[in-house]
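This report concerns only the one structure given below.
Readers should treat all values here as calculations from the given coordinates under stated rules, not as data from a laboratory. As the structure is a computational prediction, the values presented were derived from the model and not from experiment. Methodologically, a virtual Cβ is constructed for each residue, glycine included, from the backbone with ideal geometry; neighbour enumeration extends over all protein chains shown.
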Amino acid sequence: MRATASALAAPSAVRSRSNVPKRATILPPALSVPGARLRLRRPPEPTTTRRSRPMPPTSPPSAMDASATYGGSFPELTCPADFAAVAAPGGRFSIVGFGSLLSERSARSTFPDLEGFRVAALRGFRRVFAHAAPIFFERGIAIESTKEFSSLSVERCEGELIVVTVFEIKEEEVPAFIEREHEFRFLAVVPEGLDGVPFTNRAVVCARYSDEEYFQERCQGSKEIYNQRYGRYNIDKIWRDDILPCRLYLRHCVLAAKNLGEPAYSNFLDHTYLGDRKTTIREYLATAGAGIMEEDPPESLRSRYGG
């Protein structure tokens, strides 16, 4: 049975990450076990010899720094021409998946010709459910009365590290990718293998934008464009901290992370946050979000939201 709106509010007794003892590492000891036992899709071997550096201990998330939030030292890509700077040899582009794109099936439903789907790590970012997504209204799975219509984005957070996926798409798919992720900021980042070795090529990640920039830059200051994309769903603010995850979407992301193996699964539960930036998804699913993982998607969405 679905929880009431009052029960879904982040509980006051939820433990703040700042009160939790610092973990020795973000990934469990199982990483030392051969990859076959972990059931992880390992990245291709590097073409050049590089010295591996271990992942350092991670610290609890700190308050957002304004300059870091808007990209920091990561180059921002604003048009297809900018993407050329991060193209790999052969003209393909690496994309970072951190939510639904943790699922290879979901990734291939959007990018049928993707190549090199693999698990990676992204340093200096955290996942946050603080993004109102119109797609959930279109598909009839947003619950407006309880504010359960948030999707995921990532934002800069010093000391954090998230387990993600990386895959390559064709150059001709870039315009469609930009259109699909219209409300995000595109940043060029350098993912790492789970052994801490940086990838040779940079990748593109969809990061948190701001409502002001989105309206001026992507909507060109046009209320008509904004209303076509958001206003018709009564969304007057995209980036907000008072909304909760779309239930079916959250279930899908958790299952997708679980299918990648224990390191990805534990990392998603413990390094993905509600809009308060304190409540982890593990804590949320054990309290106000209890029951979400037992809810099946409707038949029409079973494949898309099946993990």
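General observations
- Residue order, fewest to most surrounding Cβ atoms within 10 angstrom, among 276, 296, 270: 296, 276, 270
- Annotation: the residues 266, 103, sorted from fewest to most other C-beta atoms within 10 Å of their own C-beta, follow the order 266, 103.
- Förster radius 22 Å - calculated FRET efficiency between residue 217 and residue 170, Cβ distance, rounded to 0.05: 0.30
- Using the average count of surrounding beta-carbon atoms within 10 Å as a protection proxy, the listed peptides 236-243, 73-80 rank, highest first, as 236-243, 73-80.
- Pairs of lysine residues in the range 78-301 - Cα separation under 26 Å, sequence separation of 8 or more or cross-chain: 7
- Taking 0.36 nm per residue of sequence separation and removing the Cα-Cα distance, the residue 145/residue 228 pair yields an extension gain of 27.7 nm.
- Computed packing ranks the peptides 214-221, 285-292, 121-128 as 121-128, 285-292, 214-221, most packed first, by mean other Cβ atoms within 10 Å.
- The alpha carbon centroids of the range 200-263 and the range 99-144 are separated by 10 Å.
- Estimated FRET transfer efficiency (residue 180, residue 276; beta-carbon r; R0 41 Å; 0.05): 0.90
- Neighbourhood net charge (12 Å Cβ-Cβ; Lys/Arg +1, Asp/Glu -1) for residue 269: 0
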